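FYI, it's all coordinate maths here, none of it is from the lab. Treat the numbers as computed from the prediction; the structure is a model and nothing was measured. Cβ atoms come from the backbone with ideal geometry, glycine included; neighbour counts cover every protein chain shown.
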Amino acid sequence: MVSGQAKRRDGANWKVNTMEDVNCIFCDDAKSELYKEENGYRAVRCSRCELVWVTPRPSIDEMKKLYEGQETQIDLSGHLLERDLKSIQAKKCLQLISKYISEGRLLEVGSAAGYFLWEAKKSGFDVQGIDITHQFVEYSRNVLQIPTFEGILRDVPFEDNSFDAVYMRNVLSHLAYPLEEFAIMHRLLRPGGFVIMETGNLAELPADPDVYLELPDHLYHFSEKTIDLLLRKTGFTPVRTHRFTLLSRLAPFAWIERQFAKKVAQSREPKPMWAIPTKLPPSKWHKQIISHLAQFVRYDLGRILPKKGTRATLVIVGKKENS
Ligand SMILES: [Zn+2]
């Protein structure tokens, strides 16, 4: 047991009492090298499989405190209040998911405020969320009426083979024990069920001083290769990887993204952590337009641009085979 310090969002130091050392989850005996340092944490990269991870890192209990106390990089109130953005994002993801499955019981791991499941429910899924952050769970249950389990995957009370699909968006990097957690998802899915996840591809690329890894929130960074490894090692068959090149480095798109970020920032005045909204925030037309534009840039333009050696959003689909 060792202690460490993390930087809070306001720049002050935040003491972490319990830290743990971590090895590559795929190749125990491989060497690792420093990838990048950030916020007092070190991300290393496996010399064999290219996985990037944080070591040492805060214990799981420390991470829960970190998320709930807003020491995290996740903006809780932003997630709760950005109804238009989250709903439009959700609809875009559901369009893609419908290529594989469009009804049945759907579990979202890391369901945050619950907007994805809110839209999924409207489109016909029977939904269930799980999230570690108390404020999100309260909002999702009470305002959006989404059944949401508060906790982590290893504690869920659900029966084996009881879901048709598991979905995760920007959650893979937050999983503390990816092999164990994917094995649980495999167990929860019925034979023929799908795991669908959206994540970044940072570990494919050399460390870039301008790219923020969000340490220690992001405990792991994967690549197409290591996600394939993760799926196969936990019993899934990789079905397809959809790759959307990120355009934010190109001038006109960078401008759009800055406008979008500015609008989001304006609506994100810091809220005390206990101020959980008790009703749905109103939908605003200008936020809808900006959100549609952002999703168009990310998914529709991102889909047709060159794909090699660039930062991208990956949507990966795996299947639990009928056995
Ligand atoms: Zn490795």
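One table, with the values for the structure above:
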{"quantity": "Taking 33, 108, 214 and counting other C-beta atoms within 10 Å, the order from fewest to most", "calculated": "33, 214, 108"}
{"quantity": "Region 298-313 - phi-based ³J(HN,Hα) in whole Hz, Karplus 6.51/-1.76/1.60, Gly and Pro as x", "calculated": "5, 9, 7, 6, x, 5, 9, 8, x, 10, 7, x, 10, 5, 8, 8"}
{"quantity": "Phi-based couplings in Hz for region 177-185 (Karplus 6.51, -1.76, 1.60; Gly and Pro marked x)", "calculated": "9, x, 5, 5, 5, 5, 5, 5, 4"}
{"quantity": "Fewest-first sequence of 24, 49 by Cβ atoms within 10 Å of each Cβ", "calculated": "49, 24"}
{"quantity": "For peptides 195-202, 298-305, 113-120, 144-151, sequence by mean Cβ density within 10 Å, most packed first", "calculated": "113-120, 195-202, 144-151, 298-305"}
